[in-house]
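See structure below.
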Amino acid sequence: MSIRLPFFGLLAKRDPMEGLVEHYNKIAECIATIDESLECYVGGGMCREFEELTRTIDEIENHADVIKRNIRNHLPRGLFMPVEKPLFLSYTKSQDNILDAAQEALHWLAMRKVDIPEDIQKDLIYLLDAVERTTILLGPALEATIALVHGESLDREGTKNYYCKVRRERENVRTLKTNLQKAVYAKDIEFKDIYQLLHFIVCLDDMAHNTENCADFLRAMIAR
């Protein structure tokens, strides 16, 4: 995603909103890594590549933290921001929480070997796919919001529609999560396995939850 924001160039060396886009791009990398990790885990358990994937997501999250700190440390002084600074910082935190949840999800999966019952393997993948769709929908919502607050777009209704899409997909994640939790808890497997899988599922749901929070903060940014 490439967004050019000339308005802010008059007020700061670098637009903080551009930093949000750079930070958001790390979410896609995390999702791809978790997806690859889950396929490895379901297909062959703790294969050699799994540890490498875990390190990869740690590196992505660390890079994202650097971007986040850079954004916060270079906010323009005074009143020269197109949105309220507390609102901007709250959005930044929620977007970073998506990455933190992704990192924690993979760590729970890697904690110890769990044989995932065959009849819930597909449901687990469906949940991850729904989380991925939710986070992907945040990208256009962020882009449309930036264009709107900088006067490069007047399509308020179209921008709001992006937020609605995020919320609808988040509700789908919530339904899938609840059904999968019930299925896992009903399995006749060791409680440690149940506990580990449930926490992995909760972390995935947290990713969608924080994505919805991001959409809510974006909606507040364009409120009149």
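The values are calculated or read from the model by the stated rules, or taken from the named source; none is laboratory data. Please read these numbers as outputs of a predicted model, since none were measured by experiment. All Cβ positions, even for glycine, are placed from backbone atoms using ideal geometry, and neighbour counts span all protein chains on display. Heavy atoms of the whole protein, side chains included, go into the accessibility calculation; ligands, DNA and RNA do not. Shrake-Rupley method; radii C 1.70, N 1.55, O 1.52, S 1.80 Å.
Here are a few things to note about the model shown:
- Among LEU128, LEU38, LEU99, the largest mean-square fluctuation in a Gaussian network model of the chain, built with springs joining Cα atoms closer than 10 Å, belongs to LEU38.
- Heavy-atom accessible area per residue - the chain, 1.4 Å, Å²: 51 Å²
- Shape category assigned to the chain from the gyration tensor of Cα positions, a/c cut at 1.5: prolate
- Rg ratio for region 81-148: its Cα radius of gyration over 2.2 N^0.38 Å, N being its residue count, equals 1.53.
- Region 178-203 and region 24-39 have their alpha-carbon centroids 22 Å apart.
- Loop-located GluC sites (Glu not before Pro) in region 126-213, at most 16 other Cβ atoms within 10 Å (DSSP): GLU152, GLU190
- Computed helical MRE - 222 nm, the chain, DSSP H runs ≥ 4 contributing -39500 (n - 2.57), nearest 500: -28000 deg cm²/dmol
- Computed label-point distance, nm, for sites GLU157 and ARG55 using a 7 Å Cα→Cβ extension: 5.3 nm
- Helix 48-73 vs. the chain, principal-axis angle (Cα, 0 to 90°, nearest 10): 20 degrees
- In the complete set of protein chains, residue-level accessible area for LYS187 is approximately 50 Å², probe 1.4 angstrom.
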